Amino acid sequence: MERQAVDPNEGQRTTVRDVRRRNRSVLLSKLYFDGPLSRQHLSQLTGLSPATVSNVVGALVEEGLVVEAGSVDSDGGRPRVLLRVDPGYGTVIGVDVGETRVRVELFDLMMSALATVDHPLEPGRPDPAIVAGHIIAGVREVTEQAGVALESVLGVGIGVSGVVEQGPEARVHAQSLGWEDVPLERLVRAGVTAPLFIDNGAKALGQAELWFGAGRGANHAVVALVGSGVGAAVITHGRMYRGATSSAGEWGHTIIKYGGRRCRCGAKGCLEAYVGAEGVLDRYRHAIGDQVVPDADEEAGIATLIAAAETSRVAAEILEETAGYLGAGIANLINLFNPERIVLGGWAGLALGGRLLPRIRAAAAEHALRQPFAQTAIELCQIGPDAVAYGAATLPVAQLLGRGQAPFGEGAEPVPLHEPA
């Protein structure tokens, strides 16, 4: 029978194998986020003994996960060898299932982009089988572009709208898209052999910003995604808050106006109906007398609206209203969650925030309680408009770091791991 030990950090009984895996995870994560580091520095930063560090790092080097990265002088002794995670150990793929396109991106293990493809979607509610086909084709195309073998792919992360029900296979409930209990993992599995990790797009964006962007270092934050739809990732005590069935963060379907505009989800007065790209453009279209807004593409349409606001009073008023709605929605987040930081992202969030952030902050101040508002920074996403695909690619990386090893089995759920303190 396997020996057990008490984990001093969690106060619960764990096996020796668990302790060994946790040590691998701690050291690999520290090298991933803060490397290159020497063995001595790793021991100081993690509190693990020099002997434990030496044994674990030796195994990671032997497996190819960790490589030497030069050396630094020590005080009176031999130079210390620096270590880092090997970017070439494997690749990861991130997929952003948007409402106008499916974007597939290939990254090395340290998240440097290697290849990207876009598959446009027809306007309207996308058919799940067609979306799955685009994902399968995109995985093949990006690996061919970069000249890497499919066997090198450690995992494929997929960011989608709606609620992702985790279980033996991930299923998607996206009311706004007309997707009810869609077996997306099964559909994609028909053409992809690498492990799959499917999550809500806002949560994928949130993990990316928490690891590498404007959320870095925050224990309590909300990362808001504004695109065609609207969502949020709520970070509490450094971890993603998911709720009972992983539907937490549906910020776009909180009510901003009782009996207001009809939302795509079927309810009235949802925030998404006022600040999502489709809702903003629809309000603009009605304001100019149901004229056709130039550019059917939403991204081009938002850009046209922002440019028109320089000379058009109507366009300027629509943007002013949108800033007010966004600010009020952010105030709700502040009053509910008391975050240190709110990060506004998504392609529409960045486009609108780039012009309207001071007004959005002012509107949030008008509607939020003064004390928690004063403690909250409101910033723009740093990773950029493609952060959902980037964040989706971090899902298999999180599994690797959380387990401290690869490969991992099919259907494994992403380990809820964030940047170590």
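A few comments on the model shown:
- Residue match in segment 195-209 (condition: modelled with pLDDT of 95 or more, among the polar types (S, T, N, Q) and assigned to a strand (DSSP E or B)): no
- Verdict on residue 234 being crowded, with 23+ Cβ neighbours inside 10 Å, at pLDDT 90 or above and within 25 Å of residue 357 (Cβ to Cβ): yes
- Screening residue 357 on (1) out of contact with any strand residue (DSSP E or B) (no Cβ under 9 Å at 6 or more places or on another chain); (2) surrounded by fewer than 20 Cβ atoms within 10 Å (Cβ to Cβ); (3) part of a helix (DSSP H, G or I) shows it passes everything except condition (1).
- All positions within segment 119-143 that are surrounded by fewer than 16 Cβ atoms within 10 Å (Cβ to Cβ) and in a strand (DSSP E or B): 120
- Of the residues 365, 392, 377, the single one that is on the phi < 0 side of the Ramachandran plot, buried (at least 23 other Cβ atoms within 10 Å of the Cβ) and aliphatic (A, V, I, L, M) is 392.
- In segment 91-146, residue farthest from residue 394 (Cα to Cα) [restricted to those that are in contact with a Lys or Arg (Cβ under 8 Å, 6 or more places away or on another chain) and β-branched (Val, Ile, Thr)]: 117
- Test: residue in segment 148-161 that is in a strand (DSSP E or B), under 21 Å from the mean Cα position of the chain (by Cα) and surrounded by fewer than 19 Cβ atoms within 10 Å (Cβ to Cβ): no
- Residue within segment 179-191 that is farther than 30 Å from residue 151 by Cα and touching a residue at least 24 places away in the same chain (Cβ under 8 Å) present: yes
- Residue check for residue 364: assigned by TED's automatic domain parsing to the domain that holds residue 322, in contact with a Gly (Cβ under 6 Å, 6 or more places away or on another chain), touching a residue at least 40 places away in the same chain (Cβ under 8 Å) and assigned to a helix (DSSP H, G or I): no
- Of the residues screened, residue 298 is one that is surrounded by fewer than 24 Cβ atoms within 10 Å (Cβ to Cβ) and of a type in the set (Asp, Glu).
- Residue list for segment 46-69, restricted to those being part of a strand (DSSP E or B), surrounded by fewer than 18 Cβ atoms within 10 Å (Cβ to Cβ) and among the hydrophobic types (A, V, I, L, M, F, W, C): 67, 69
- Residue identified as of a type in the set (Ser, Thr, Tyr), at pLDDT 95 or above and either touching a strand residue (DSSP E or B) at 6+ places or on another chain (Cβ under 9 Å) or within 19 Å of residue 349 (Cα to Cα) (or both) among 284, 274: 274
The values are calculated or read from the model by the stated rules, or taken from the named source; none is laboratory data. Everything numeric here is computed off the predicted structure, so don't read it as measured data. Heads up, the Cβs are rebuilt from the backbone with ideal geometry, glycines too, and the neighbour counts pull from every protein chain shown.
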